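Q: One structure, as structure tokens, below. Some questions next.
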Ligand code: TXA
Ligand code: MG
């Protein structure tokens, strides 16, 4: 079983040996390895059971270091980096030769981000290589937001989990790429589009496609609990007061149903709090002795858009 602790030195030693270490970030926990060591990167795909066509994000701790992994930074990317890093933003940039095709699944762009978590920033500052890190969950399952979530699923496959407590943001980073200098959203995430647009103006969306090889994280069926999972808008959730149906709701309990089978993402109607709770509540409901989960969509603004995106993918089992 993996040790869980806050020993940065130990994490560093394992990473220098090419081993995998789970690391905390402000979004979700990552399954990290030396991004410049192909053997270590391959190991990430094996441990996660992740298809090799799904590329990895490179994490580092300064824009000076990012410059080594890319050939150019469009002006709007630079503005976003200055404003939001460290933070829940990933930029897709043309990769330099330093970055192996294994990391990018053969694509000519590399995804990079500077995460905002004190332990991980300290670790990154002491390494002379960047870390490739997908979310630390088996491929297709819900992303982990605590060290225990990681231990439950990958604890027997990795030596160490760096424990940074609960992830503050709770959903993965927003991914922005550039086509002819114009910004394009590849994945909604922990940085709201409204915040991005306030800095660089309007951004476009890529079409959702389950065969889009550019962003396999956009696969429709993803972030899925094991139990049957159903989704609808508020007011359209059926009342099944049988004790076996669990409910994931935004800010109000469903009348006529035992509150013990209901979870409110944010009793105050705060979308940041809802994002923070989303994956841990989904996991909790998935592990309770019920037989299905009903969830309701949240208001479609700010982080609500990313929350609804994850809920829709969780509901798209088998598609
Ligand atoms: O918040 C996050 O982004 C977390 C933490 C650990 O940093 N990481 C994360 O990684 O969510 P992962 O691997 O679970 O999701 C990364 C997404 C995938 O959907 C992948 O397809 C996309 O980023 N991606 C990575 N590199 C890419 C590239 N070169 N081109 C297009 N999409 C890319
Ligand atoms: Mg993931």
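Computed from the coordinates by the stated procedures, all read-outs in this text should not be read as laboratory data. Just so you know, these numbers come straight off a predicted model, no measurement behind them. Ideal geometry is used to build each Cβ from the backbone, glycine not excepted, and the neighbour counts take in all protein chains shown.
Q: Once fully extended, how much extra length lies between residue 108 and residue 156, figured as 0.36 nm per residue of separation less the alpha-carbon to alpha-carbon distance? Working shown, then result.
A: Working: separation 48, 0.36 × 48 = 17.28 nm, distance 3.40 nm.
The residue 108-residue 156 span can extend by a further 13.9 nm.
Q: How many Å³ per residue does the convex hull of the Cα positions in the stretch 131-285 occupy? Working shown, then result.
A: Values: hull volume 25.6 nm³, N = 155.
Hull volume over Cα atoms, normalised by residue count, gives 165 Å³.
Q: Let me ask you something else. Just check the stretch 57-111 against the gyration tensor rule for me: Cα atoms, a ≥ b ≥ c as the square roots of the eigenvalues, rounded for a/c under 1.5, and otherwise prolate or oblate depending on whether a/b exceeds b/c. Write out the running numbers ahead of the final one.
A: Numbers: a/c = 1.84, a/b = 1.66, b/c = 1.10.
Since a/c reaches 1.5 and a/b is larger than b/c, the shape of the stretch 57-111 is classed as prolate.
Q: Order these peptides, 224-230, 47-53, by their mean beta-carbon neighbour count within 10 angstrom, highest first.
A: Details: 224-230: 16.7, 47-53: 14.9.
My ranking of the peptides, most packed first, is 224-230, 47-53.
Q: If you average 1/r over every pair of different alpha-carbon atoms in the stretch 265-319 and take one over that average, what Kirkwood value in Å do you get?
A: Over the stretch 265-319, the inverse of the mean reciprocal pair distance is 11.9 Å.
Q: Can you tell me, using C-alpha contacts under 8 Å and at least 6 residues apart, the relative contact order of the chain as a whole percent?
A: Values: 711 pairs, mean separation 64.3, N = 319.
Relative contact order comes out at 20 percent.
Q: Over the Cα atoms of the stretch 55-153, Rg to Rh with Kirkwood Rh, two decimal places?
A: 0.97
Q: Next question, about the same structure. For the chain, what does the helix formula give at 222 nm: sum of -39500 (n - 2.57) over DSSP H segments with n ≥ 4, over the residue count, nearest 500 deg cm²/dmol? Write out the running numbers ahead of the final one.
A: Values: 10 runs with 96 residues, N = 319.
Here the helix-only value at 222 nm equals -8500 deg cm²/dmol.
Q: Then there's this: Could you state, as a whole-number percent, how many of the C-alpha pairs of the chain are farther apart than 25 Å? Can you show the working numbers first?
A: Details: 24320 of 50721 pairs.
Considering the chain, 48 percent of its Cα-Cα pairs are separated by more than 25 Å.
Q: Continuing with the same structure: Mind running the shape call on the stretch 1-119? Use the C-alpha gyration tensor, a ≥ b ≥ c as the square roots of the eigenvalues: rounded below 1.5 for a/c, prolate if a/b tops b/c, oblate otherwise.
A: oblate
Q: As a test of the definition: which semi-axes, in Å, follow for the stretch 239-302 when you take the square root of five times each eigenvalue of its alpha carbon gyration tensor? Largest first, please.
A: On the way: eigenvalues 81, 34, 16 Å².
That gives 20, 13, 9 Å for the three semi-axes.
Q: Follow-up question, since we're still on this one. Can you sort 84, 279 so the residue with the fewest Cβ neighbours within 10 Å comes first?
A: Values: 84 21, 279 26.
If I rank by nearby Cβ atoms, fewest first, I get 84, 279.
Q: Say each of residue 38 and residue 64 gets a label point 7 Å from the Cα, pointing the same way as Cα to Cβ; how far apart are those two points in nm?
A: If labels sit at residue 38 and residue 64, their model points lie 3.1 nm apart.
Q: Using the alpha carbons of the stretch 138-202, what is the convex hull volume per residue in cubic angstrom, as a whole number? Working shown, then result.
A: Numbers: hull volume 8.1 nm³, N = 65.
Once divided by residue count, the hull of the stretch 138-202 is 125 Å³.
Q: Give the shape of the stretch 26-67 as rounded, prolate or oblate, defined through the alpha-carbon gyration tensor: a ≥ b ≥ c are the square roots of its eigenvalues, a/c under 1.5 means rounded, and otherwise the shape is prolate if a/b is larger than b/c and oblate if not. Before the final figure, lay out each step's value.
A: Values: a/c = 2.20, a/b = 1.55, b/c = 1.42.
Prolate.
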